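Single-structure report; data block below.
The values are calculated or read from the model by the stated rules, or taken from the named source; none is laboratory data. Note that this is a predicted model, so its numbers are computed, not measured. Cβ atoms come from the backbone with ideal geometry, glycine included; neighbour counts cover every protein chain shown.
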Amino acid sequence: MKYLGLAYFTPEKFAAMTPEEVKSLVSQCPALDEKMRATGKLLVSASLGDLDTWKTLRTRSGKTLVTDGPYTESKEVVGGLFIIEADSHEEALRIAAMHPAATLGEQGEWAVELIPLDFYLAP
């Protein structure tokens, strides 16, 4: 089964960190990312672009409108994503727990949401 992991963060908390704190936190991420890759179960991993560049498309009166920013307004936003393929839900949880947002997240209020996928590849 495939699972989507969404890595959330709280921009205000991250912005309140000193540059040294951010550097220290971010410097720990590559080793954790490598630990996830080493499982052989990681299919996709990506950090998402700066929130200032996000666009939302929605239909209104039969026309597609484009607006700035994330679709939803919330305290937390998605900062990254990953897809893993696991043999069980327990294995998926074990692998997702290796993600930096699940391991280092307390200071920046990071979190990971793990979602089972009904997945297919278009021909």
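Answer yes or no as to whether Val78 is aliphatic (A, V, I, L, M) and within 17 Å of Ala15 (Cα to Cα).
So Val78 fits the description; yes.
Being among the charged types (D, E, K, R), closer than 29 Å to Gln107 by Cβ and not in a helix (DSSP H, G or I) is the filter here, so list the residues in region 52-70 that pass it.
Across region 52-70, the qualifying residue is only Asp68.
In region 66-89, which residue that is within 25 Å of Arg37 (Cβ to Cβ) and β-branched (Val, Ile, Thr) is nearest to the chain's Cα centre (by Cα)?
Val78
Among the candidates Gly40, Gly79, Gly49, single out the residue that is modelled with pLDDT under 90, small (Gly, Ala, Ser) and not in a strand (DSSP E or B).
Every option except Gly49 fails the conditions.
Applying the selection to region 28-37, what residues are within 18 Å of Tyr8 (Cα to Cα) and part of a helix (DSSP H, G or I)?
Matches in region 28-37: Cys29, Pro30, Leu32, Asp33, Met36.
Could you count how many residues in region 1-25 are assigned to a helix (DSSP H, G or I) and either of a type in the set (D, E, K, R) or surrounded by 13 or more Cβ atoms within 10 Å (Cβ to Cβ) (or both)?
Adding up the residues that qualify gives 10.
Among the residues of region 95-107, is any in a strand (DSSP E or B), within 16 Å of the chain's Cα centre (by Cα) and either in contact (Cβ under 8 Å) with a residue 60 or more places away in the chain or closer than 16 Å to Met36 by Cα (or both)?
no
Just to be sure before I move on: is Thr59 at pLDDT 90 or above and of a type outside the set (A, V, I, L, M) in the structure I sent?
Against the criterion (at pLDDT 90 or above and of a type outside the set (A, V, I, L, M)), Thr59 qualifies.
Collect the residues in region 68-82 that are in contact with a strand residue (DSSP E or B) (Cβ under 8 Å, 6 or more places away or on another chain) and either among the charged types (D, E, K, R) or surrounded by fewer than 11 Cβ atoms within 10 Å (Cβ to Cβ) (or both), keeping them in residue-number order.
The answer is Asp68, Glu76.
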